[in-house]
Structures are given as C-alpha cells and as structure tokens.
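What follows is a single structure, written as structure tokens, with notes after it.
The values are calculated or read from the model by the stated rules, or taken from the named source; none is laboratory data. Just so it is clear, the model here is predicted, and its values are computed rather than measured. So basically every Cβ, Gly included, is an ideal-geometry build from the backbone, and we count neighbours across all protein chains shown.
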C-alpha cells in the first residue's frame, strides 16, 4: 500500500510566519517526493482552502495531514485566514488520520476533540509559538536557517510535555 501525505501551506508574501514555515517545510517536501511508495498532495497558497482540503481528504484518504498556518484553540486556518478545520464543525474529516499542525494553540481543544472522534494522532501546539526573524527581505533565506533551528528546539521542548489524552466520556 502506498503512503499518502497531504500538506497545507498557506503562505503569503505579506505573512512572514507562514512564509517561513513554507520555506522550512520545503526540505521535507523534497525528501517525500523522492519516495517511490508515497503520494504527496500540496495545497499551496490559494489552494489552501476548506473546499479543496475537504475534497482531497475525501478522494485520496491521506494517512498523514500536515498543516502549516495560523490557528487558535478551536481551529486551523489556510490562505488569507480561511478556516480549514474547526472544532465541533468539520473536524470529522481528520478521523483516522495522523495530523501534524504547525498552528498556534490548535492542539488545545481541536486536537483533543480530534482524538476523541478517532484521529489516530494529533501533533500540535497547546500554546502560541513565535518565529524569530528579521523583516529585511534580503535576509530571509539566511534567517530561514535560524527559524529552522528555533522550530526544532520548540518541537523538542513541546514533545517533552505530553498532550493529555481526551476521555471518550467527555
């Protein structure tokens, strides 16, 4: 059976955090594309919208869904802050999936709800996280390396704090 991965990158030129996430994640996408047994679907920029996300999940049934964007405790957004997934709305599209969400606070309520309804794993943040960067456009590529190191440190720190499992009785 082939592995199927869906990546949502909602970056826009005027949104430095999502632009950096997209840059950082580009290396992972390059590696995935080299795997012969893996299908990769990317919803980049304008395509990172609720309609295309839902259609792709229903049609391709990816095992892993990765979000790079903004969020809060109840939702994850895509291009121009369009809501992709919201708690008590359409989180059922993530049932049976492994989810990796690079969106602030999305593991707080949405992640717990997803686990309750059958998402296999929800990897995300229960708090806001910051990306350190300079606003000078000429320095963006050089600073992307610093952001990668910062993200790796944040991932290591957050992985040491286990996310409490949601009870099915809630």
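Summary table below
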read-out: Matching residues, the range 100-121, being touching a helix residue (DSSP H, G or I) at 6+ places or on another chain (Cβ under 8 Å), buried (at least 18 other Cβ atoms within 10 Å of the Cβ) and modelled with pLDDT of 95 or more; value: 110, 113, 114, 119
read-out: Qualifying residue in the range 17-28 (condition: crowded, with 17+ Cβ neighbours inside 10 Å, in contact with a helix residue (DSSP H, G or I) (Cβ under 6 Å, 6 or more places away or on another chain) and in a strand (DSSP E or B)); value: no
read-out: Scope the range 18-38; condition under 19 Å from residue 76 (Cβ atoms) and touching a strand residue (DSSP E or B) at 6+ places or on another chain (Cβ under 7 Å); matching residues; value: 18, 21, 22, 25, 29
